[in-house]
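The values are calculated or read from the model by the stated rules, or taken from the named source; none is laboratory data. Worth saying up front: this structure is predicted, and the values here are computed from it rather than measured. Cβ atoms come from the backbone with ideal geometry, glycine included; neighbour counts cover every protein chain shown. These accessible areas exclude ligands, DNA and RNA; they are computed on the full protein's heavy atoms, side chains included. Shrake-Rupley method; radii C 1.70, N 1.55, O 1.52, S 1.80 Å.
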Amino acid sequence: SALEKYHGVGRRFEYLGTYKNALVYDDYAHHPTEIASLYNTLKLSYPNRKINVIFQPHTYERTIHFERQFKKVLKVFDKVYLLDVFTSKREKYNLNMQDKIDKYFKHFNKIEDLNVSKIKDYAEIWVFLGAGLANEILLNLINKEKM
């Protein structure tokens, strides 16, 4: 009876709908392997669409440990917008660590470079990705302009 009531997990390759011209997905993935799987699935499903990501890394330690893998997997997306690292309870905000990460990922866009409400103007795929604020940005967008 428990399986009958189970509806799956949230924030795992969750299609949230069409936002004007854009297809919008939400995913909790914050490890390079998860991100690669997500991208491959989207590319198989939509081979002719651009796939863009708004990503927030989770913890300085993980981001630095996997920085090469993150860089490699994020390069496959058409556009990449990064938020500052989402810290954990054991890791407080650290400007020096954030600056180090910003320098390493300097060829990607910062979220400030994107007018999020304009994504509707593009017939592309937009994935809000990560453990932290990317999801909040998406929810604010949905509540502001119902998709």
Pairs returned, first residue in region 42-54 that is surrounded by 13 or more Cβ atoms within 10 Å (Cβ to Cβ), second residue that is in a helix (DSSP H, G or I) and among the charged types (D, E, K, R), beta-carbon separation under 8 angstrom, 6 or more apart or interchain, are Ile51/Lys43
Flagged in region 62-78 as open to solvent by 70 Å² or more (accessible area, probe 1.4 Å), more than 19 Å from Gly132 (Cα to Cα) and of a type outside the set (D, E, K, R), in numbering order, are Gln69
Going residue by residue through region 25-32, is there one that turns out to be out of contact with any Lys or Arg (no Cβ under 6 Å at 6 or more places or on another chain) and part of a helix (DSSP H, G or I)? yes
Scanning region 79-135 residue by residue, those of a type in the set (S, T, N, Q) and out of contact with any Ser or Thr (no Cβ under 9 Å at 6 or more places or on another chain) turn out to be Asn96, Gln98, Asn109, Asn115, Ser117, Asn135
inquiry  = Can you say whether Leu114 is more than 14 Å from the chain's Cα centre (by Cα) and touching a residue at least 40 places away in the same chain (Cβ under 8 Å), as far as the supplied structure shows?
reply    = no
Only one of Tyr15, Tyr46, Tyr19 is modelled with pLDDT under 95, of a type in the set (Ser, Thr, Tyr) and more than 14 Å from the chain's Cα centre (by Cα), namely Tyr19
Restricting region 79-89 to residues that are assigned to a loop (DSSP other than H, G, I, E, B) and surrounded by 12 or more Cβ atoms within 10 Å (Cβ to Cβ), the one farthest from the chain's Cα centre (by Cα) turns out to be Ser88
Scanning region 30-41 residue by residue, the ones that are open to solvent by 30 Å² or more (accessible area, probe 1.4 Å) and touching an Asp or Glu at 6+ places or on another chain (Cβ under 9 Å) total 1
Scanning region 90-132 residue by residue, those of a type in the set (D, E, K, R), more than 15 Å from Pro57 (Cα to Cα) and either open to solvent by 30 Å² or more (accessible area, probe 1.4 Å) or not in a loop (DSSP other than H, G, I, E, B) (or both) turn out to be Arg90, Glu112, Asp113, Lys118, Lys120, Asp121
